[in-house]
Structures are given as C-alpha cells and as structure tokens.
Amino acid sequence: MEVGDALERARRLADLNAVVTLNDKAEVEARAAERRGLRPVPIAVKDIIYTKGLRTTMGSRLFKDYVPTYDASVVARLKRAGLIIIGKTNTHEFASGATTTSSVFGPTRNPLDKERIAGGSSGGSAAAVAAGIVDVAIGTDTAGSVRIPASLCGVIGFRPSSGSTPKRGVFPLSPTFDEVGILASSIDAVEEVFKVIAGRKGRRAEARRQLRLGVPEGLIMAERDVERAFYDIVTRLNASSVKMPLTEGRGREAFTVIRLSEASAVHLPFKDVWGEYFPDVRRLIERGLTYRAVDYVGALEVMRRAREEFMKVMRDLEALLLPSTAVPAPRIDEVLGREDGPIRDLLTGNSWLAPLVGAPAISLPLMRVGGLPVGLQVIGKPGQDLELIDVARALLNAV
C-alpha cells in the first residue's frame, strides 16, 4: 500500500471518524524514507500516543489543540523502520472506554455497519484497518482496548505481554496494565510491527500442526449466539476445559480495583477540570477514589497469585481460548449516554484476564454472529509473544 493511497482513502472515508488528524507531511516523509533505502509503509497511530508536531488530543476537550514536542518511543521506532504515520486515530477519551463514542471528535463508526460502534478504546485504529485505509495501525490495550475493537470490526488485534513495549510518550490509563498493541489485516503485519515496536528480532517459526489448547469455562462471558459459535470452534480444535478457581472467584474484582485506582491517581492533577470530561469517563475515574489503600494492596496480592495459577495451568498448553467479546457490535444509538453501563461488561467481560496475568493475547476474526464478526481470543504465555503469533497463524489456517 502506498502512503498517498492511504491518505486519499482516509479523506474519502472521513465519515467513519477513524482518522481524526491527517499528517500533511506524510508523503514528504515517505520520500525521505526511500532515500534512506527503506520501503515506506503507511500506518495510523492512536490519538493518545505522542507524535512530534502532529496533534495528539487523547480524545479530550482538554487536549484538543495539543501538539507534542517529541515522539513516543514506539513512534520513534516506527519511523526509524520506515513506517510512515498518515494520521492519528480516534480514541475514547483518555482511552477510558470500550466504545469510542465519548470523544471530542464524536463516535467512530464501524466500517461493516456505520450505525454500529467500532469498539474501543482503540476504535479508530480498528476502523481504519477494517476500512482499508491502512493495513496496520497502533493502539493501546489496558482492559481490552485493542482486542475489543478488533473483535467488533473483524480485524486482528494483538496485545503483547506486559512490559514488552516502551511507554514513554503514551498517555497512561492504568500503568500496571497499559500496553501498546497492534491492529492489522494480516498476521504477518502484526509480527513485523511487533518486532519493530518491541525491539525484537528472530525468524518466523514453522506453523504448528497440533496445538494443545485450553478453555477456562468459569471465565467465559458470552450471549447465546456467541457462545454457540465459540464452542463450535472449540470442538473442532479439540480444546480441553481448564479451571482457575482463584482467578474465577477474585480475578475480575482485583483487576477492577487496580485499573480504576490507578486511573484516579493518573487524573488527580486534573481534578479541577473533571467537569470537562465526558460523563462516563468521569464516573469511572471517580469510582477509583472509592477504593482504600488496603483494597489496592489486596488486589495486587490476588494478581500475584492469579499469575502463579495461570502459569500452572499453562504448563501443558500453548494457549487458552475465549470469545474476545460477549456480543457483536451494538448500535451507536444503543450505547450513547450508557457507555459505562451493562454494555461495558459485555465488551470487557473476556478481556481482563490477559493483562491481569501479564500474558500476550490476540483477537482473530474467526466467528460470525448475525452477519457480524466476533473475535476468537487466544491467550499465550507471558514473554512468548512470537510463539503466540505462531499459534494464531496456525489457527487462521486451521479454522
């Protein structure tokens, strides 16, 4: 894909609200990359990741005119490798939502049905890939913000292992769980861009013929049609049921305490202007203030024990399988004003396990429900990101 073509498509598909700020220097930067002997590849970057000289709003009224003076570390790595940022993609305000409807730019629309949400908070990045504006885009994933929109838009969404990518220049949400991730139309693009942003090297492994896969039955959230589609794949893959009693009983609450407490701490310096935040974002930040220090410390201990339990389960497995979301993409009019209501649980109900245990996870567009995509989520072992990508490649070939 040429940089000029990506810019033209972004302009033509502006009604999706996927790319919200175009880089008018992108073609100049592409020619400069060619002079360095690099093949310029267009890429879009989520609007909470700093880009020098290019507006970065965090989807918020507070930063609607903010232009960073430096590149985030992941952006600097992309540029050095010849990837050309064609623009910034829409995000739920401060990445604190699963719908990408609470944004200073308005909702991002799903390219598969413009009356439906793209998911969030990396909804603009997912929509840009699904619409063919770019083949690959960068997002962030704290509680599913890459995997959720990937599921709803029918693209691949990869969250690396915790700590795999540098966070300098990425506006934080919950530092314990924040991770820079990738949305793409192909697994090869995921692998190549991951190697760039994580500073990894290595050849691709051979596709696996047999996989040992598990299904954490006690952690699955899915509406009936999604559950039926999920177990159809599980049966074909001969996946076995696994149990994680501690995580099933206490994991999600521990995740919530840590995620919301840390978000409140991040936003305390802005407390005087919380009235400018979107209501759902403000409510989540205020919820974090209701937890005590002892709650936070206790949640950290549950997280430690959940990670031990996860590693025991994974000793004989390559990956766990879950639906990426419990539902296909809801309609925008069903979500507006209710972003932190029941729809939030349906979208995030299967996405908290990977960050809690520090594991890499990838959403693959392998299910259809009512004519709409739903992702199959594949969770690997912490630190084995390239191995998980190999597993995902094998599943894409097998299912």
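Of Gly298, Gly251, all but one fail to be in a helix (DSSP H, G or I), touching a helix residue (DSSP H, G or I) at 6+ places or on another chain (Cβ under 6 Å) and in contact (Cβ under 8 Å) with a residue 40 or more places away in the chain; the exception is Gly251.
The listed residues are Val374, Val327, and the only one of them that is part of a strand (DSSP E or B) and within 27 Å of Phe278 (Cβ to Cβ) turns out to be Val374. A single entry from Ser96, Ser122, Ser73 fulfils the requirement of being in contact with a helix residue (DSSP H, G or I) (Cβ under 7 Å, 6 or more places away or on another chain) and more than 26 Å from Asp5 (Cβ to Cβ): Ser96. Selection of region 331-368 for residues being crowded, with 19+ Cβ neighbours inside 10 Å, part of a loop (DSSP other than H, G, I, E, B) and of a type outside the set (Gly, Ala, Ser) yields Glu339, Asp340, Asn350, Trp352, Pro360.
The residue list Ile48, Ile84 contains one member that is touching an Asp or Glu at 6+ places or on another chain (Cβ under 9 Å) and closer than 23 Å to Ala131 by Cβ, which is Ile84. Residues that are touching a residue at least 60 places away in the same chain (Cβ under 8 Å) and either of a type in the set (D, E, K, R) or touching a helix residue (DSSP H, G or I) at 6+ places or on another chain (Cβ under 7 Å) (or both) within region 222-236 comprise Ala222, Glu223, Asp225, Glu227, Arg236, listed in sequence order. Residue-level check: of (1) part of a helix (DSSP H, G or I); (2) buried (at least 21 other Cβ atoms within 10 Å of the Cβ), Asp188 misses just (2). All told, Glu29 falls short of being under 30 Å from Asp272 (Cβ atoms) and in contact (Cβ under 8 Å) with a residue 40 or more places away in the chain.
State all residues of region 347-399 that are among the charged types (D, E, K, R) and in contact with a Phe, Trp or Tyr (Cβ under 8 Å, 6 or more places away or on another chain); if no residue qualifies, say none. Hit for region 347-399 is Asp385, nothing else.
Tell me yes or no: at least one residue of region 295-306 is farther than 23 Å from Gly59 by Cβ, buried (at least 20 other Cβ atoms within 10 Å of the Cβ) and out of contact with any Asp or Glu (no Cβ under 9 Å at 6 or more places or on another chain). Checked against the condition, which is being farther than 23 Å from Gly59 by Cβ, buried (at least 20 other Cβ atoms within 10 Å of the Cβ) and out of contact with any Asp or Glu (no Cβ under 9 Å at 6 or more places or on another chain), region 295-306 yields at least one hit.
Considering Ser151, Ser161, Ser125, the condition of being assigned to a helix (DSSP H, G or I) and either farther than 24 Å from Phe255 by Cα or over 12 Å from the mean Cα position of the chain (by Cα) (or both) is satisfied by Ser125 alone.
When Ala98 is tested against (1) buried (at least 22 other Cβ atoms within 10 Å of the Cβ); (2) touching a strand residue (DSSP E or B) at 6+ places or on another chain (Cβ under 8 Å); (3) within 13 Å of Ala329 (Cα to Cα), only condition (2) is not met. In summary, helices (runs of 4 or more DSSP H) completely within region 1-113 and bearing 2 or more residues that are among the acidic types (Asp, Glu) occur at 3-12, 26-35. Here Asp65 meets the list (1) in contact with a Lys or Arg (Cβ under 9 Å, 6 or more places away or on another chain); (2) surrounded by 23 or more Cβ atoms within 10 Å (Cβ to Cβ) almost entirely, failing just condition (2).
No lab work stands behind these numbers, since they all come straight from the coordinates. Keep in mind it's a predicted model, so treat the numbers as computed, not measured. Reconstructed Cβ throughout: ideal geometry from the backbone, glycine too, with neighbour counts over all protein chains shown.
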